[in-house]
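See below for the structure under consideration.
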Amino acid sequence: MMNSTRRQFLKRTGLTTLVLVSGGLVWRAVDNGVFNIGEGPAYEPWRNWQSDADKGPLTLVRAGILAANAHNTQPWLFRIAEGQIKLYADTSRNLGSFDPYLREMHISLGCALTNMEIAASASGYGASIDIVPGKLHLSEDTPADPLIATITLTPATIAPSALYGAIPHRHTNRGAYDLGHSVPASAKDAFRDPQQPGIEVYLADNAEALTELGTLIVSSTEQIIKDHEMSGDSSKWFRMSRDDVDQYRDGVTIDAFGLPPMMNVGAKIIPAPSAGLSDSQWLSGTRDTHVGTAPLLGAICVADLYDKATAIKAGMQWQRMHLWATDQGMAMHPLNQPAELVDRDQQLGRPSAMADQLANLMAPTKGKPTFFFRAGYAERPARLSPRRPLKSVIL
Ligand SMILES: Cc1cc2nc3c(=O)[nH]c(=O)nc-3n(C[C@H](O)[C@H](O)[C@H](O)COP(=O)(O)O)c2cc1C
């Protein structure tokens, strides 16, 4: 039989362990941002984007940096001149083998241009956008920080719009969507209405096409995961600790994964997953949540995947679609793995089975898909993603 001194000792040790473990968990929870989701300087640009202190062209830049952008790399630089804003690509903020031709970088810059164009009307400016033409080349053959577009501003009547109001509410929603709530025909018509010349929008509008496109998205995810260079280049932009979020104010964060609340807490408390585990979680999330709960999948298509101005216009189209959907209470989420795989095939000079399968599926659509997405009604609102301050992006 155990004597009472020994029993007391074990009880005390057990209690101490429990206190230490739970104290450690609470400390880790506090330290890793469980209790301050969407708060702090990294998220301020969402709140002070209409700051009174900066009337004038800076207002447009404040809107520009809130745009969608690949992996939240925020690959932009701005120079404000007399009556003009010049937009440059920050080519150092690239995704390596995940975006070898900087196609997604240019789409991201197009997203920023749309936010700036919309903010211009709301701020009493006419904005004429002059995009620098050219071809996209491999990242290593691209000169550093090229000029992308010049926005010339002229005085105009202040004309705020619903899209302007949606700018701070538009967030990529990676959570589950309600399969019982389909996308109305009016929204499909709005998506199909190309806002930019040379842009077509394909929608997987029946059960068969939805299944086929979903299968291609999952299959391209599987192939990307097997490519360790792609997987590694992507994971460089994941910010798995609150310290990193606060320090870098960019990248894809745990909060942005769209996990249900308790899983979000768990993901912040447990140690960051290995590369292999993180890849398999991405695959299962893509299959079960992103594709599995999508009432609508689609793609923005263009005549030439590697034309600069076209990539920028595809981004302008996406940003407008996402703002419009936000205003309508809908959620959207890019799922760009098929286009990323096609780029990688092209970079490695191998035949692209994915490009062929996509062309077959989208047959009546003339253009090639450059940007894939899902749309629907989300079960939960999306959380904010961080943004760098203006001083980091103004030249
Ligand atoms: C060109 C481009 C490609 C993207 N590809 C994906 C993607 O494949 N998967 C994904 O979850 N999000 C994707 N996104 C969404 C971005 O990760 C997101 O816009 C960024 O993290 C900023 O978050 P926010 O949209 O909530 O502001 C993409 C966005 C752009 C502009």
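What are the residues in region 246-263 that are under 19 Å from L66 (Cα atoms) and more than 12 Å from the ligand (Cβ to nearest atom), if any? Write out each step before concluding.
Going through region 246-263, the residues under 19 Å from L66 (Cα atoms) turn out to be 246-258.
If the condition is that a residue be under 19 Å from L66 (Cα atoms) and more than 12 Å from the ligand (Cβ to nearest atom), then D246, Q247, Y248, I254 are the ones that fit.
For first residues located in region 274-286 and touching a residue at least 60 places away in the same chain (Cβ under 8 Å), partners that are basic (K, R) and lie 6+ apart or on another chain with Cβ distances below 9 Å form the pairs G285/R174. When I312, I300 are checked against the criterion of being part of a strand (DSSP E or B), at pLDDT 95 or above and crowded, with 18+ Cβ neighbours inside 10 Å, I300 stands alone in meeting it. Residues of region 285-297 that are away from the ligand (no atom under 14 Å from the Cβ) and either among the small types (G, A, S) or modelled with pLDDT under 95 (or both): G292 alone. Restrict the check to region 212-235 and report whether at least one residue is within 26 Å of W76 (Cβ to Cβ), of a type outside the set (D, E, K, R), within 16 Å of the ligand (Cβ to nearest atom) and open to solvent by 40 Å² or more (accessible area, probe 1.4 Å). So far as region 212-235 goes, yes, one or more of its residues are within 26 Å of W76 (Cβ to Cβ), of a type outside the set (D, E, K, R), within 16 Å of the ligand (Cβ to nearest atom) and open to solvent by 40 Å² or more (accessible area, probe 1.4 Å). Kindly establish whether T152 is more than 30 Å from T253 (Cα to Cα), assigned to a loop (DSSP other than H, G, I, E, B) and not aliphatic (A, V, I, L, M). Against the criterion (more than 30 Å from T253 (Cα to Cα), assigned to a loop (DSSP other than H, G, I, E, B) and not aliphatic (A, V, I, L, M)), T152 does not qualify. Only one entry in P133, P143, P168 is in contact with a Lys or Arg (Cβ under 8 Å, 6 or more places away or on another chain), open to solvent by 70 Å² or more (accessible area, probe 1.4 Å) and not polar (S, T, N, Q), namely P133.
Counting the residues of region 162-184 that are within 16 Å of the ligand (Cβ to nearest atom) and part of a loop (DSSP other than H, G, I, E, B) gives 7. Residues that are open to solvent by less than 40 Å² (accessible area, probe 1.4 Å) and outside any helix (DSSP H, G or I) occur at least once in region 323-330.
Of everything listed in (1) of a type outside the set (D, E, K, R); (2) farther than 24 Å from M321 by Cβ; (3) not assigned by TED's automatic domain parsing to the domain that holds H290, the single unmet condition for S219 is (3). Among residues of region 60-72 that are more than 16 Å from I129 (Cα to Cα) and of a type in the set (V, I, T), those with a beta-carbon under 7 Å from a residue that is within 12 Å of the ligand (Cβ to nearest atom) and assigned to a loop (DSSP other than H, G, I, E, B) at least six positions away or on a different chain give the pairs I65/Q74; I65/R387. Looking only at residues of region 344-395 that are in a loop (DSSP other than H, G, I, E, B), of a type in the set (A, V, I, L, M) and not assigned by TED's automatic domain parsing to the domain that holds G251, we find that the one that is most open to solvent (accessible area, probe 1.4 Å) is L395.
Residues that are touching a strand residue (DSSP E or B) at 6+ places or on another chain (Cβ under 8 Å) and among the polar types (S, T, N, Q) occur in region 248-262; there is at least one. Kindly list the number of the only condition in (1) out of contact with any helix residue (DSSP H, G or I) (no Cβ under 7 Å at 6 or more places or on another chain); (2) modelled with pLDDT under 95; (3) crowded, with 16+ Cβ neighbours inside 10 Å that fails for N264. Looking at each condition in turn, N264 falls short on (1). Is it the case that region 86-97 has a residue that's open to solvent by 30 Å² or more (accessible area, probe 1.4 Å) and small (G, A, S)? Scanning region 86-97, I find at least one residue that is open to solvent by 30 Å² or more (accessible area, probe 1.4 Å) and small (G, A, S), so the answer is yes. Within region 346-367, residues that are at negative phi reach partners that are open to solvent by 70 Å² or more (accessible area, probe 1.4 Å) with beta carbons closer than 7 Å, at six or more positions or on different chains, in the pairs S352/Q346; L361/E212; G367/A303. Does H71 satisfy the criteria of being within 16 Å of the ligand (Cβ to nearest atom) and on the phi > 0 side of the Ramachandran plot? Against the criterion (within 16 Å of the ligand (Cβ to nearest atom) and on the phi > 0 side of the Ramachandran plot), H71 qualifies.
The values are calculated or read from the model by the stated rules, or taken from the named source; none is laboratory data. Every value quoted in this text rests on a predicted model; they were computed, and no experiment measured them. Every residue, glycine among them, receives a Cβ derived from its backbone with ideal geometry; neighbour counts consider all protein chains shown. With ligands, DNA and RNA removed, areas are computed over all heavy atoms of the protein, side chains included. Shrake-Rupley method; radii C 1.70, N 1.55, O 1.52, S 1.80 Å.
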